[in-house]
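Have a look at the structure below before the remarks.
Just so it is clear, none of the values below were taken in a lab; they were calculated from the coordinates. Treat the numbers as computed from the prediction; the structure is a model and nothing was measured. Positions of Cβ are generated from backbone atoms using ideal geometry, with glycine treated the same way; all protein chains shown enter the neighbour counts.
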Amino acid sequence: MEQLNLDNAEWRKSSASGDNGQCVEVATNLPDIIAVRDSKNPQGPALVFTPREWKAFLKGANQGEFDI
C-alpha cells in the first residue's frame, strides 16, 4: 500500500480538549481524505478516511451508535 504524504496536513483538536494527551487530531484540509492521529504521538501512524466514510462516522457518533 502506498503511503500518503501528510506533510501539509493542518491538524486540529477539539477546543474542549485538555492537556492530558487523551485526544485525537483531525486534518480536513487535504484533497479527498480526512486524516486522524493520536495527539500524544504526532509522528506515529494516522488513519485515513474518504470524506464519505468520515461523514458516516460522524453521523453514527452523533446518533450514539458507538456509545458504550
Around residue 24, what is the net charge, scoring Lys/Arg as +1 and Asp/Glu as -1 over all other residues with Cβ under 14 Å from its Cβ?
+2
Can you list the GluC sites (Glu not before Pro) in region 1-61 that are in a DSSP coil and have 11 or fewer other beta carbons within 10 angstrom?
2, 10
With a cut-off of 8 Å between alpha carbons and a minimum separation of six or more residues, what is the relative contact order of region 11-62 in percent?
25 percent
Range of Cα positions in the chain per principal axis (Å), largest first
34, 30, 20
